[in-house]
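Only one structure is covered here, and it is reproduced in the block below.
Only the coordinates and a few stated rules stand behind these numbers; no lab work does. These numbers were taken from a predicted model, which means no experiment stands behind them. Every residue, glycine among them, receives a Cβ derived from its backbone with ideal geometry; neighbour counts consider all protein chains shown.
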Amino acid sequence: MAHLKMSEEEEINHDESIVNIDDDASLSTLETQEVENLKKKATYRIAFFISIPAFMGYACCFSLQKRLSYVFGLTEGVSGTRLSFIYGIGVSFVFFFNLIFRVLGHNIIFGFLHPRNRVIAAFFSLIIGMILLSVLSLQNTTQNVIWVFICYAFVGACGGSFGPNMLTVVNNLGDTRLYVVLAMPSGVACITIVSFVLMAIGIPFQAFYIVTAVLSVISMITYLFTIYPANKKFESSAPHQTKFDFKSFLNDLKEIKTWFPKIWKHAFVFLINMICISMFNPGCTLYAYQNRVTFRLLNVIVKHELFMFLYNLGGFIGDFFSRKVMNKKRIVSPILFFVLHLFGITINLSLIPEIAPFAAFMFMWANGGLYVQSTKLISELFKENYHLTATSTWLFIGDVGSTSGSNLIQPIRPYIDLLKSSMF
């Protein structure tokens, strides 16, 4: 009887252990399904509007640089002077600090913050930069050129921090990544297209610094009530999600041979891409055409602002729609985008205003397609590990290109003028 009783107890315990194992497996399956459901359902289209001011601020720096130069004592049509050289370096600080903050800045200076909090820090940096530019540009007296370095540094710090951290925060929120990517050309277009139309009818360029600062505050508040808590909820639900900090960044760097070879081709072409964009879109194009632009084939003379509107419109159409189209395509060789840049450079250097918008279209189709394909590749390759570091490194390499291209604008201007005088 005792032996029979013990056998019955062992059988009951065995059955209970099986039930516990089954319960654990079911719980794990339910957790996994819950995480997958969060990924599928949680697409935040509001990310498009949240992200726009970050790229408006960036565009203010490179598109309004000619108007801003008058505040610091530069003269229309004058190039090759010491002041223009210093101003050119100051303008490049938006790219330089973008470069610094892509990898080292946000991982060291903001290293104690979670990526979702680094997005907030980026907004604060942008707001400071825009407020300073608003105040300085409204002064009636000539300002010290050192302020260009300071203002553009704040905006560059935002650009370098916002992109990689925002893309990481939304990486597991459905298709939210696409709306962040689409906000980039849209935010830039608000300045490069809309502002030039409004300036043509008398709106002062200082207004766009002020508007960007106000919209940045609104976006930051909206972010805190939408994407911020959504990312926090996903992180608490994901079984293997860990906080990314400076130590995580160092570990990723130690394992660079594991992840960088998978993205190096896209990174290299992105470097060339950003050199071309900084130099020609708008870059030298701002200075190649004076206050009035003559369309010789059409025998029409238009204001510089209207010409830049047409040029930037071509760029926006190429950038925006290439992101939508290429996001649906399989990953293609980045060499395709390099070839498009060669066509764009050739058309741009022809200095024929009638076809200049097509050059902008070529430049920005290559830029948008390469951007969305690269972020898609990184998103597919690195779901849990390396995503932020890989994104930051890829963007950092691109910023090396944009910084180099920006610094070449002022030295190249005299040669553009020489080419123009020999052609016309």
Original post:
Which FRET efficiency value, to the nearest 0.05, do you get for Leu342 and Trp264 by plugging their Cβ-Cβ distance into 1/(1 + (r/R0)^6) with R0 = 25 Å?
Top reply: 0.75
**OP:** Name the residues whose placed amide hydrogens come within less than 5 Å of the amide hydrogen of Phe295, ignoring near sequence neighbours (fewer than 5 apart) on the same chain.
**Re:** Val300, Ile301, Val302
**OP:** Quickly work out the Ile201-to-Phe295 label distance, labels modelled 7 Å from Cα along the C-beta direction, and quote it in nm with one decimal.
**Re:** 1.9 nm
Subject >> Cα centroid separation, the stretch 359-413 to the stretch 124-167 (Å) >> reply: 22 Å
**OP:** Could you tell me whether the stretch 70-173 comes out rounded, prolate or oblate from its Cα gyration tensor? Rule is a ≥ b ≥ c as square roots of the eigenvalues, rounded for a/c under 1.5, then prolate if a/b exceeds b/c, otherwise oblate.
**Re:** prolate
Original post:
Residue-wise, which Karplus ³J(HN,Hα) couplings in Hz belong to the stretch 387-394, taking 6.51 cos²θ - 1.76 cosθ + 1.60, θ = phi - 60°, and x for glycine or proline?
Top reply: 4, 5, 5, 5, 5, 4, 5, 4
Original post:
Any idea how far apart Ser236 and Leu253 come out in nm if each label point goes 7 Å out from Cα toward Cβ?
Top reply: 3.3 nm
Original post:
For a label point 7 angstrom out from the Cα of Val214 toward its Cβ, which stretches of the stretch 168-197 have the backbone nitrogen within less than 16 Å?
Top reply: 191, 195
Original post:
Can you give the net charge of the other residues whose Cβ lies under 11 Å from the Cβ of Phe162, counting K and R as +1 and D and E as -1?
Top reply: +2
**OP:** Return the sequence-ordered ³J(HN,Hα) values of the stretch 176-186 in whole Hz as given by the Karplus equation 6.51 cos²θ - 1.76 cosθ + 1.60 applied to θ = phi - 60°, using x for Gly and Pro.
**Re:** 4, 3, 4, 6, 5, 5, 5, 5, 4, x, 5
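Given 0.36 nm per residue, what is the gain on full extension from Leu349 to Val332 after removing their alpha carbon distance, in nm?
3.3 nm
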Original post:
Expressed as a fraction of 2.2 N^0.38 Å, the rule-of-thumb size for a compact globular protein of N residues, what is the C-alpha radius of gyration of the chain?
Top reply: 1.16
**OP:** Bin all alpha-carbon pair distances of the stretch 45-238 at 5 Å intervals from 0 and give each bin's fraction as a whole percent.
**Re:** 1, 8, 16, 19, 19, 14, 9, 6, 4, 2, 1, 0
**OP:** Neighbouring Cβ atoms within 10 Å as the yardstick, rank Val170, Val400 fewest first.
**Re:** Val400, Val170
Subject >> Karplus (6.51, -1.76, 1.60) ³J(HN,Hα), θ = phi - 60°, over the stretch 198-205, in Hz, Gly and Pro reported as x >> reply: 5, 5, 5, 9, x, 6, x, 5
Original post:
Which shape class, rounded, prolate or oblate, goes with the stretch 245-423 when its Cα gyration tensor gives a ≥ b ≥ c as root eigenvalues, a/c under 1.5 marks rounded, and past that a/b bigger than b/c marks prolate?
Top reply: prolate
**OP:** State the extension gain, in nm to one decimal, for the chain segment bounded by Ser422 and Leu306, taking 0.36 nm per residue of separation less the distance between their alpha-carbons.
**Re:** 39.2 nm
Original post:
Given the rule -39500 (n - 2.57) for each run of at least 4 DSSP H residues, summed and divided by the residues of the chain, what is its mean residue ellipticity at 222 nm, to the nearest 500 deg cm²/dmol?
Top reply: -25000 deg cm²/dmol
**OP:** Quickly work out the Leu224-to-Leu138 label distance, labels modelled 7 Å from Cα along the C-beta direction, and quote it in nm with one decimal.
**Re:** 2.4 nm
Original post:
Cβ under 14 Å from Ile191's Cβ, Ile191 left aside: what net charge do those residues give with Lys, Arg +1 and Asp, Glu -1?
Top reply: 0
